[in-house]
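What follows is one structure encoded as C-alpha cells, with my remarks underneath.
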Amino acid sequence: MSLNICMISDFFYPNMGGVESHLYHLSQQLIKRGHKVIIVTHAYGDRVGVRYLINGLKVYYIPLLIVYQQASLPTLFFLFPILRYIIIRERIDIVHGHQAFSSLCLEGIFHARTMGIKACFTDHSLFGFADASSILTNKVLKFTLSEIDHVICVSHTSKGNTVLRASLNPQMVSVIPNAVVANHFIPDPSKADPNKITICVVSRLVYRKGMDLLTSIIPRICTQHPKVNFIIAGDGPKKIDLEQMREKYLLHDRVQLLGAVPHSEVKNVLVRGNIFLNTSLTEAFCIGIVEAACSGLLVVSTRVGGVPEVLPDDMIIFAEPEENDLITALNKAITMIKFKEVTPAKFHDRIKKMYSWENIAERTERVYYSIMRTRRIPLIERLRRYYGCGSWAGKLFCIIAAVDYLVFLLLEYLVPRSNIEVVPNFPSETFLRRQKANNYY
C-alpha cells in the first residue's frame, strides 16, 4: 500500500546537521519504496515556497520567524490554515514530525490530529528534568504526544528518556537508529600522514559537545605525544576558546581549525585521520562516530546517552566525560594505532551491514502501516487525555484543543475542501526507472 507522507521539522537543508540528514535520506528511501513524501520546513533566507529535490522530493519552505538556532517562533493557530491547505492538497495520510526542539514539528502534529490525520514523532535528542527550559519543553512535549499514534527514538537510552518526559506507554515507542551512506565514507589510508597520528574532531563547537573538555586535553596530548596532530572541523561559540588555546600553547602547526565544513566534505576530513574523538556531554545517538568508523578511524568517545549502543567494543574506546579519563583513553588509542593492534580500515564493511538507510526505511514503513490500522480518536477522548497533563496545564491544553477544533471548523466553512486543488503526484517510479536505465545509481 502506497502512502502519502508529510515530514515536518524546523531543521532541513540548507541547514546542516543530523536531523537534516536523517530527514533527507529517510525520505529518499521511502520514495524508492513507492511512497509519496513531502517535507515542510521554515524558509531559509530567500528560499521560500516550493522546491524540488532529487527523485521528486518536494519541500515546502514556509515563511516563519526564527527565534533561536533555526527553531521557529511558536504560532499556535496561525500555522493551521497553510498546513491544512498543504495536507489536503497533497492528500497526506501521515504527518511525521522530527525533533522536540522544533515548534513547527509539534504544532504540525497537533493540527494534524485535529484534522484526523495519523501522526508519528521521532525524537533525536536527550533532555534533562531539572532546569526551567527542560521542564517547559517536557510539558509541551507531553501535551503534543498525548494523542500521538506512535513515537520513534534513535536509541534505547533515548526511548527511556522520552517515555519518562512525555509519560508514554513504552509499547507505543519504537527504537530505529540513524544510518549512514557507507559509499560516501570509504577509507583511504593514503590520505593520512604516515609520519604522524592525526586525531579528528568533527562537531558543532558548543558546550553540549564537550568543547571545554577538548580545549583542556589538546595541550596535554600534544605535550605527551610530539607526533600527534589535531584536525577540528566545525563552527560555534566555543571556536574562540580553541583559537585562544592554540595561541597560548603555540600549537598552530599541530592543531588545524577548519571552521564549518559542508557535509559532502566531511569524508575528506575523516580520511586524513587515524582516531576520531567525540567529547559530547549528552548524545542520543551520535551519527558522527558511525561515519568515522565507516571511514576507517578508531573512535574515542565519552560514555554518555545512547553512544554505548552504537558501535561494537572493538571499534570504540570509552571514557567518562572527565579530562583525565579522556587523556587515558586517547593514550590507549594512540598506542593501538602506533603498534597496529587494530586495523580500522576493516571497519567499513561491518558498518555498511549494520547501518543502512534501506533497513531504516523498511522498519519505519512497518511503523506507518501499524499507524494506519489504529482507530481515529474522537474529540472527547482527546480532551480527556489533555486534561490529564496537569492540574492547571491540563485545563489550558483543553482550551487550546477546543479552540483549534473551532478554527478547523471555521476553515472548513471558509475554504471548503472542494475548492482546494489536488496536485498530481510526481512520477517517481518512471523517474527512477529512467535513472537506473541511464546507470545513474
Point to revise | The listed residue being within 22 Å of F185 (Cα to Cα) and modelled with pLDDT under 95, out of G305, G236, G296 | key: G296
Review point. Given the stretch 72-182, what helices (runs of 4 or more DSSP H) lie entirely inside it while holding 1 or more residues that are open to solvent by 40 Å² or more (accessible area, probe 1.4 Å) and out of contact with any Ser or Thr (no Cβ under 8 Å at 6 or more places or on another chain)?
Key: 80-89, 132-144, 156-166
Exercise for review: Among the residues of the stretch 5-51, write down those that are of a type in the set (F, W, Y) and at pLDDT below 90.
Suggested key: Y13
Check your understanding: In the stretch 276-311, which residues are within 12 Å of T157 (Cα to Cα), open to solvent by less than 10 Å² (accessible area, probe 1.4 Å) and polar (S, T, N, Q)?
Key -> none
Exercise for review: Being within 12 Å of L104 (Cα to Cα), assigned by the TED database to the domain that holds P424 and open to solvent by less than 20 Å² (accessible area, probe 1.4 Å) narrows it down to one of H35, H22, H42, so name that one.
Suggested key: H42
Study note, to complete from the structure: All conditions in (1) modelled with pLDDT of 95 or more; (2) over 20 Å from the mean Cα position of the chain (by Cα); (3) closer than 16 Å to V202 by Cα; (4) surrounded by fewer than 24 Cβ atoms within 10 Å (Cβ to Cβ) are true of M245 except (3)
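Every residue, every condition in (1) in a helix (DSSP H, G or I); (2) under 18 Å from the mean Cα position of the chain (by Cα), yes or no:
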position	(1), (2)
P226	no, no
N229	no, no
V266	yes, yes
L281	no, yes
E291	yes, yes
G305	no, yes
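Residue-wise test of (1) assigned by the TED database to the domain that holds V300; (2) in contact with a Phe, Trp or Tyr (Cβ under 7 Å, 6 or more places away or on another chain); (3) within 27 Å of P74 (Cβ to Cβ).
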| site | (1), (2), (3) |
| --- | --- |
| V140 | no, no, yes |
| D149 | no, no, yes |
| H156 | no, no, no |
| A166 | no, no, yes |
| Q171 | no, no, no |
| K191 | yes, no, no |
| P194 | yes, no, no |
| I199 | yes, yes, no |
| R204 | yes, no, yes |
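The values are calculated or read from the model by the stated rules, or taken from the named source; none is laboratory data. Remember, predicted model here, so these are calculated numbers, not experimental data. Don't worry about glycine lacking a Cβ; one is built from the backbone with ideal geometry, like all the others, and counts go over all protein chains shown. Heads up: the accessible areas ignore ligands, DNA and RNA and are worked out on the full protein's heavy atoms, side chains in. Shrake-Rupley method; radii C 1.70, N 1.55, O 1.52, S 1.80 Å.
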